[in-house]
Amino acid sequence: MSDSDSAAGLPGRPKASARRKARSLALQALYGWHVTGLPMSDLEAQYRADNDFAKVDGEYFHALLTGVGRHLTELDESLATVLDRPVKELDPIELAALRIGVFELTHRIDVPYKVVINEGIELAKTFGATDGHKYVNGILDKLAPRLRSVEVNAARRGR
């Protein structure tokens, strides 16, 4: 389990908090990208200029933004397999949280799948509609066994 994510939000774990802040800013930047269509590099520069990155995992923020942008088609295709509607009809906040989650599930195996799901839920609770976190939870919960089958099966056997 990644030390930086194993205890997200617990006192004395600054790396977890730094990653959570990176995800939070990445979600906001991805939302801005969705709404404005500005280049991702411009949004990243804006977020770095407008926010204090002293307690943010800046490398992770960059990895999320560039990773989601680079793998957008792949991420949306993965999402489409479990959605109840077309990707383009999703709320932009939920979509950003889901894209971050699918990116982490597929390209950041250093982050445990349970952490990915929990962080997606927390992002949706913080920024999304009233019950948006339930939707994000359901979608990521359906995708985790498909995208992280070995890890999910091992966790289920360990119960």
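The values are calculated or read from the model by the stated rules, or taken from the named source; none is laboratory data. Everything numeric in this text was worked out from a predicted model, so none of it was measured. Note that each Cβ is placed from the backbone with ideal geometry, even for glycine, and that neighbours are counted across all protein chains shown.
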All positions within segment 39-68 that are over 16 Å from the mean Cα position of the chain (by Cα) and either farther than 12 Å from Ala29 by Cβ or exposed (fewer than 11 other Cβ atoms within 10 Å of the Cβ) (or both): Ala49, Asp50, Asp52, Phe53, Ala54, Lys55
Helices (runs of 4 or more DSSP H) wholly inside segment 108-159 that include at least 3 residues being more than 22 Å from Tyr60 (Cβ to Cβ) and among the hydrophobic types (A, V, I, L, M, F, W, C): 149-157
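From Ala26, Ala96, Ala16, Ala63, grab the single residue that is at pLDDT below 95, under 22 Å from Thr126 (Cα atoms) and of a type in the set (A, V, I, L, M).
Step by step, each of Ala26, Ala96, Ala16, Ala63 is checked, and only Ala16 is at pLDDT below 95, under 22 Å from Thr126 (Cα atoms) and of a type in the set (A, V, I, L, M).
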Qualifying residue in segment 74-92 (condition: among the aliphatic types (A, V, I, L, M), under 13 Å from Arg23 (Cα atoms) and buried (at least 23 other Cβ atoms within 10 Å of the Cβ)): no
Segment 69-97, subset touching a residue at least 60 places away in the same chain (Cβ under 8 Å) and assigned to a helix (DSSP H, G or I), residue nearest to Leu30 (Cα to Cα): Ala96
Boolean, Leu43 is out of contact with any Pro (no Cβ under 9 Å at 6 or more places or on another chain), in a helix (DSSP H, G or I) and closer than 20 Å to Val136 by Cα: no
